[in-house]
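Peer 1: I have a structure I would like to understand better, so I am pasting it below and will then ask my questions one at a time.
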């Protein structure tokens, strides 16, 4: 699956982690991590292992935001 991203251009889907995190590869060879909730806020990483670590960090951050008490 190929998608166009405003920041990273054409991206080819590598893996969906099942928690909303999507790992793509750009035309330069970098991995780009996106979350389904914010697809324009990608983060480039050098390796697939780094992409999985970034996904884990994104998911932890999203959980922390969801658990914050309302003001």
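Peer 1: Looking only at residues in segment 33-42 that are more than 14 Å from residue 6 (Cβ to Cβ) and crowded, with 16+ Cβ neighbours inside 10 Å, which one is farthest from the chain's Cα centre (by Cα)? Don't jump to the end; show me each part of the working.
Peer 2: First pass over segment 33-42, keeping only residues more than 14 Å from residue 6 (Cβ to Cβ): 33, 35-37.
Keeping just the survivors that are crowded, with 16+ Cβ neighbours inside 10 Å gives 33, 35.
Working: 33: 3, 35: 4 Å.
Restricting to residues being more than 14 Å from residue 6 (Cβ to Cβ) and crowded, with 16+ Cβ neighbours inside 10 Å, the top hit is 35.
Peer 1: Something else now. Within segment 16-32, restricting attention to residues that are surrounded by fewer than 20 Cβ atoms within 10 Å (Cβ to Cβ) and touching a helix residue (DSSP H, G or I) at 6+ places or on another chain (Cβ under 8 Å), which residue is farthest from residue 65 (Cα to Cα)?
Peer 2: As a first pass, look at segment 16-32 and keep what is surrounded by fewer than 20 Cβ atoms within 10 Å (Cβ to Cβ): 16-20, 25-30.
In the following step, the residues that additionally are touching a helix residue (DSSP H, G or I) at 6+ places or on another chain (Cβ under 8 Å) were identified as 17, 19-20.
Numbers: 17: 20, 19: 15, 20: 15 Å.
In this case the residue turns out to be 17.
Just so you know, all these numbers are worked out from the coordinates, no wet-lab data involved. On a predicted model such as this, the values are computed, not experimentally measured, just so you know. Here the Cβ is made from the backbone with ideal geometry for all residues, glycine too, and neighbour counts use every protein chain on show.
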